[in-house]
Structures are given as structure tokens and as C-alpha cells.
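Inspection log for the structure reproduced underneath, given as C-alpha cells.
Nothing in this text is a laboratory measurement; each read-out follows from the coordinates by a stated rule. Just so it is clear, the structure is predicted and the values come from calculations on it, not from any experiment. Don't worry about glycine lacking a Cβ; one is built from the backbone with ideal geometry, like all the others, and counts go over all protein chains shown.
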């Protein structure tokens with residue numbers, strides 16, 4: 001494409017390329033492999049990268065989609081399980097804050113480009129406490145009106161047996 005002006009000696013020439021989304025690659029850049037307590041936001045926003053033969057593609061529309069809200073899932077800041085974001089000059093699209101719903105379990109959020117059959121996937125887990133367990137200060141004995149010698153210590157575990165530091 002070129003642009004000219006009457007009386008001008010040289011036209012301005014523009015090199016433009018239309019890219020088919022089927023030749024673009026979308027990958028998970030950040031935010032996968034996260035855990036969040038049910039009903040709370042994940043600590044890192046989901047970030048997808050879009051590339052054309054290794055070159056970053058800005059201005060591409062990326063759709064993030066979580067599973068149906070009938071099971072373990074979550075919602076974006078818009079209150080829905082889906083949102084679209086545009087890649088920046090680095091080829092990265094970043095979602096709004098994603099919040100775990102009230103159902104515990106593992107699931108995957110996808111990031112897709114219209115017309116591209118291969119999505120990027122973000123593996124997430126909603127955690128819920130399953131028990132409180134005494135881990136210190138037991139057993140002990142003390143006289144009536146006397147103090148116990150050691151502090152009582154407990155931990156809260158999730159469904160995988162991992163300590164949940166969010167509960168103190």
C-alpha cells in the first residue's frame with residue numbers, strides 16, 4: 001500500500017500483512033498451576049502469549065474460558081466464566097482477577113484464538129479445608145489453676161493433605 005500527495009516526489013510505502021489465526025500459536029505464560037481457597041481470588045492473573053513463528057503478536061483477541069460453574073471453576077472480574085482480552089505489544093493477553101467458586105477440585109481454564117484449534121491451558125485447583133489437626137502441645141497435664149508448659153499447636157489441611165497457611 002502506498003500514499004501519495006499531489007506534487008510530491010516520492011510516495012510513502014506501507015508493508016502490511018494479514019495473519020490468519022490458524023498460523024498463530026497461543027501458550028500459557030503465567031498463572032497456571034495455582035491453588036486458591038474456595039471463594040477467594042487466585043494470586044496471579046492468567047497470562048497467554050500469542051506468537052507467529054516465534055514473533056510476538058500484538059492486538060490479537062484472546063478468550064479465556066473456565067468450565068461450567070456446575071463443578072469446580074471460577075469467575076473473572078466481570079462475574080462470568082469467560083472474558084476476552086487483547087494482546088499487548090509483547091504478544092501477551094492478561095486476564096482480570098480470577099476467583100475460585102465454592103466447589104473444590106482441579107480444572108483447566110483455556111485461552112483461545114478465534115479460528116485456531118489449539119488452546120493454551122491453565123491448570124487450577126480450588127481448595128477447601130477438610131480438617132484441623134493437633135500437631136503440638138498434646139498430651140499435657142497441669143494442676144488445677146496451673147498453666148500448661150507447652151503451647152497448643154494445630155494445622156488445617158486441604159483435601160490433598162497440604163497445610164493451608166491461610167488459616168491461622
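Give me the percent of DSSP beta bridges within the range 21-127 that run antiparallel, rounded to the nearest 5. Spell out each step's value before the answer.
Values: 28 of 32 bridges.
So the antiparallel bridges amount to about 90 percent of the total.
Can you compute the modelled spin-label distance between residue 121 and residue 70, with each label point 7 Å from Cα toward Cβ, in nm?
2.1
How far apart, in nm, are two points set 7 Å out from the Cα along the Cα-to-Cβ line at residue 12 and at residue 43?
Computed distance between label sites residue 12 and residue 43 equals 4.8 nm.
For a protection proxy built on the mean count of beta-carbon atoms within 10 angstrom, sort 133-145, 69-81 highest first, please.
Final packing ranking: 69-81, 133-145.
Extension gain residue 25-residue 106, at 0.36 nm per residue separation less the Cα-Cα distance, in nm? Let's see the in-between values first.
On the way: separation 81, 0.36 × 81 = 29.16 nm, distance 2.52 nm.
Here the answer is 26.6 nm.
Could you work out how much longer the chain between residue 56 and residue 133 gets when fully extended? Use 0.36 nm per residue separation minus the Cα distance between them, nm to one decimal. The partial results should precede the final answer.
Values: separation 77, 0.36 × 77 = 27.72 nm, distance 4.94 nm.
Once the chain is fully extended between residue 56 and residue 133, it gains 22.8 nm.
What full-extension length gain, to one decimal in nm, is calculated for residue 97 and residue 156 as 0.36 nm per residue of separation minus the Cα-Cα distance?
18.7 nm
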